[in-house]
Amino acid sequence: MTRIAARFVISAAQPSDFPPPTLPEVAVVGRSNVGKSSLINALVGQPGLARTSRTPGRTRLINWFEVDARFHLVDLPGYGYAEVSQAMRDSWRPLIEGYLAGRASLAGVLLLIDIRRGAQDEELDFAPWLAERAMPAVVALTKADKLPKNKRMLEIRRARAALGLSRDPFAVSTLDGDGIAPLWRAVVQLAAQPRPEPGPAR
Ligand SMILES: Nc1nc2c(ncn2[C@@H]2O[C@H](COP(=O)(O)OP(=O)(O)O)[C@@H](O)[C@H]2O)c(=O)[nH]1
Ligand SMILES: [Mg+2]
């Protein structure tokens, strides 16, 4: 595999800090601790690029990474972590939803779901929200190494049915690298595909 040149661009806590929408973006979305940062590192092959954490709910910032000077991977703060205060969740929601709804350069979303938990309320709400906005999305089930291969297949089918996907979600593991290469190809495709109706510039 050719080496991918990825670098950290900027962190933002509010829209006024977002970088200019110069490159197409793929936003990585999912519950806190689902493996967003680990997956970004695995996809670009740079272990220390995005900060991973054993303490769920720590990231409150949106982090931009530039990939091969062609597109941005965007690490969004995780939702749905119970031990985070209501006030903090109230401040996250407008940031994340504002980003997703208004970012002109957003080419698509990579939605991550822990393979052992499957799609829950947040994902079941989020999938139609994306569909209503005609937002291209790729779904990946993370931490596949936690399940034997036959159980993975079952969870792939279950998530596909629950979310009404037109194709199987990817099953990936950053631990053993399973599924990373095919997911990477899908992410690159997502980034290369212009959106039919871009929203207002932000
Ligand atoms: N077993 C396993 N653990 C993982 C995998 N990916 C991430 N983790 C672990 O899950 C925890 C949360 O990962 P992180 O990437 O920080 O999640 P984020 O909060 O969604 O960004 C860390 O302890 C990771 O080491 C995986 O594929 N397999
Ligand atoms: Mg993270």
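5 Å is the cut-off here: which amide hydrogens, built 1.01 Å from N in the peptide plane, fall below it relative to Ala137, excluding neighbours closer than 5 in sequence?
Val109
For the stretch 3-16, just list the computed ³J(HN,Hα) in residue order, Karplus coefficients 6.51, -1.76 and 1.60, θ = phi - 60°, integers in Hz, with x standing in for Gly and Pro.
These are the phi-based 3J(HN,Hα) values: 5, 9, 9, 10, 9, 5, 9, 6, 10, 9, 9, 8, x, 5 Hz.
In terms of the Cα gyration tensor, with a ≥ b ≥ c the square roots of its eigenvalues, is the chain rounded because a/c is under 1.5, prolate because a/b exceeds b/c, or oblate?
Rounded shape, in that the Cα axes give a/c under 1.5.
Using the Cα centre of the chain as the reference point, and only Cβ charges (+1 on K/R, -1 on D/E), how large is the resulting charge dipole? Debye, rounded to the nearest 20.
Taking the Cα centre of the chain as origin, the dipole is about 480 debye.
Could you give me the ³J(HN,Hα) list for the stretch 136-141, computed from phi with Karplus coefficients 6.51, -1.76, 1.60 and θ = phi - 60°, whole Hz, x at Gly and Pro?
Karplus-based 3J(HN,Hα) across the stretch 136-141 equals x, 9, 10, 10, 10, 9 Hz.
Provide the packing ranking of 8-14, 31-37, i.e. peptides ordered by the mean count of other C-beta atoms within 10 Å per residue, highest first.
Going by the mean number of other Cβ atoms within 10 Å, highest first, we get 31-37, 8-14.
For the chain, which whole-number percentage of the solvent-accessible area (1.4 Å probe, protein heavy atoms only) is attributable to carbon and sulfur atoms?
Here carbon and sulfur together make up 52 percent of the probe-accessible area.
Under the rule of at least 5 residues apart or a separate chain, name every residue whose amide H is placed under 5 Å from the amide H of Ala6.
Close amide H contacts, sequence-distant or interchain: Asp68.
With every protein chain left in place, what is the accessible area per residue of the chain in square angstrom, probe 1.4 Å?
Heavy-atom accessible area per residue stands at 51 Å².
Starting from the amide H of Arg31, placed 1.01 Å from N in the peptide plane, find each other amide H under 5 Å away whose residue is 5 or more places distant or on another chain.
For Arg31, whose amide H was placed from the backbone, the distant partners under 5 Å are Tyr79.
Could you give me D for the stretch 94-133, from Stokes-Einstein at 37 °C and 0.692 mPa s, where the hydrodynamic radius is the Kirkwood radius over C-alpha pairs? Units µm² s⁻¹, please.
Diffusion coefficient, whole number: 289 µm²/s.
Can you give the net charge of the other residues whose Cβ lies under 14 Å from the Cβ of Leu175, counting K and R as +1 and D and E as -1?
0
Give the distance, in whole Å, between the Cα centre of the stretch 1-46 and the Cα centre of the stretch 164-194.
With the stretch 1-46 and the stretch 164-194 each reduced to a Cα centre, they are spaced 15 Å.
Highest mean first, what order results for 127-137, 167-177 on Cβ atoms within 10 Å?
167-177, 127-137
Considering the options Gly108, Leu124, Leu141, tell which one lies farthest towards the positive end of the dipole of the stretch 89-196, charges being +1 on Lys and Arg and -1 on Asp and Glu at the Cβ, about the Cα centre.
Leu141
The values are calculated or read from the model by the stated rules, or taken from the named source; none is laboratory data. Source: prediction; values computed, not measured. Positions of Cβ are generated from backbone atoms using ideal geometry, with glycine treated the same way; all protein chains shown enter the neighbour counts. Calculation scope for accessible area: heavy atoms of the full protein, side chains included, ligands and nucleic acids excluded. Shrake-Rupley method; radii C 1.70, N 1.55, O 1.52, S 1.80 Å.
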